[in-house]
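The values are calculated or read from the model by the stated rules, or taken from the named source; none is laboratory data. Predicted model, so just to flag it, every value in this text is computed and none were measured. Note that each Cβ is placed from the backbone with ideal geometry, even for glycine, and that neighbours are counted across all protein chains shown.
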Amino acid sequence: MNARRPPRIAPSILAADFAHLGAQVREVVDAGARVIHVDVMDGNFVPPFSMGPQVCSALRALDLDIELDVHLMVERPERHVADFASAGASNITIHAEATPHVDYALQQIRELGCTAGLAVCPATPLDIYREVVVDLALCMTVNPGWGGQAFIPTSLHKIARMRALLRDGPELEVDGGIDATTAGPAAEVGATLFVAGSAIFGADDPAAAYTEIAAAAGCSQP
Ligand code: DX5
Ligand code: ZN
């Protein structure tokens, strides 16, 4: 059995100032971040539109030592994964609710050289994780589509059940309402990768906010 992964924080650029995206990403990387979370919304699986592969390419052009963690909130993600892999994604996560071809999409992501993640919305049962192999499991701790929502408290029980199901192998990512108060409890029940958008880029000092959340999640010092 694999060992549990060390905790890491993934700042979500959904909450960043897009006019200064490069500077904002450099700021959290200088503070120790090594994973940047890219939220892709198609105006269909979730109502808003957000960003596409061009943003991944632009982040890669910064030439930073980062992983790009792409969260596809799009219908039929299998039709889009190649574009994100070519644009420099490290991990691509699809939603269990977004396609009848989950296993095919995950296999495709791996064949493209990325790690493969599978996300579930708050109301989605966990049984699907018994049926497929994932590198990363993403527990939505809000309903997907918008930043700045409050962490759903019953998520803690779901994260614990997910961790028990997955054992220690895959990364267990939590996304939505993560800040310095919710990261610690989520870590205690087994989360290892913590997405934080508004708690970092909505703060007056994003680097300080990153450091505070990282400490709460139990990350070692950069
Ligand atoms: C929401 C996105 C999140 C979002 C989190 O659907 O998947 O990644 O950026 O935002 P906060 O951290 O503000 O809840
Ligand atoms: Zn996300």
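Of everything in the range 160-193 that is at pLDDT 95 or above and either basic (K, R) or touching a Pro at 6+ places or on another chain (Cβ under 7 Å) (or both), the residue that is nearest to V35 (Cα to Cα) is T192. Of the residues making up the range 108-135, those that are of a type outside the set (S, T, N, Q), more than 12 Å from ligand 2 (Cβ to nearest atom) and buried (at least 19 other Cβ atoms within 10 Å of the Cβ) are I109, C114, A116, L118, V120, V134. Output the residues belonging to the range 187-215 that are within 18 Å of P153 (Cα to Cα), part of a helix (DSSP H, G or I) and either away from ligand 1 (no atom under 14 Å from the Cβ) or more than 18 Å from the chain's Cα centre (by Cα) (or both). If the condition is that a residue be within 18 Å of P153 (Cα to Cα), part of a helix (DSSP H, G or I) and either away from ligand 1 (no atom under 14 Å from the Cβ) or more than 18 Å from the chain's Cα centre (by Cα) (or both), then A187, E188 are the ones that fit.
Of the residues making up the range 30-42, just one is more than 15 Å from I213 (Cβ to Cβ) and away from ligand 2 (no atom under 16 Å from the Cβ), namely D30.
Scan the range 3-12 and tell me whether some residue there is in contact with an Asp or Glu (Cβ under 8 Å, 6 or more places away or on another chain) and within 16 Å of ligand 2 (Cβ to nearest atom). Steps first, answer last, please.
Start the filter on the range 3-12 by keeping residues that are in contact with an Asp or Glu (Cβ under 8 Å, 6 or more places away or on another chain), which leaves 3-5, 10, 12.
When the remaining residues are screened for being within 16 Å of ligand 2 (Cβ to nearest atom), the result is 10, 12.
So far as the range 3-12 goes, yes, one or more of its residues are in contact with an Asp or Glu (Cβ under 8 Å, 6 or more places away or on another chain) and within 16 Å of ligand 2 (Cβ to nearest atom).
Taking each residue of the range 199-210 that is in contact (Cβ under 8 Å) with a residue 24 or more places away in the chain and looking for partners that are part of a helix (DSSP H, G or I) and surrounded by fewer than 17 Cβ atoms within 10 Å (Cβ to Cβ) with beta-carbon atoms closer than 7 Å, six or more apart or interchain, yields A207/D30.
Taking the criterion of being within 19 Å of I92 (Cα to Cα) and away from ligand 1 (no atom under 16 Å from the Cβ), the residues of the range 19-60 that qualify are R34, P53, Q54, S57, A58, R60.
When only residues in the range 152-179 that are within 12 Å of ligand 1 (Cβ to nearest atom) and in a loop (DSSP other than H, G, I, E, B) count, which is nearest to the chain's Cα centre (by Cα)? Once the filter is applied, the top-ranked residue is G176. So L166 ticks every box in (1) within 15 Å of ligand 2 (Cβ to nearest atom); (2) farther than 15 Å from E97 by Cα but one. Which box is left unticked? (1) is the only condition that L166 fails.
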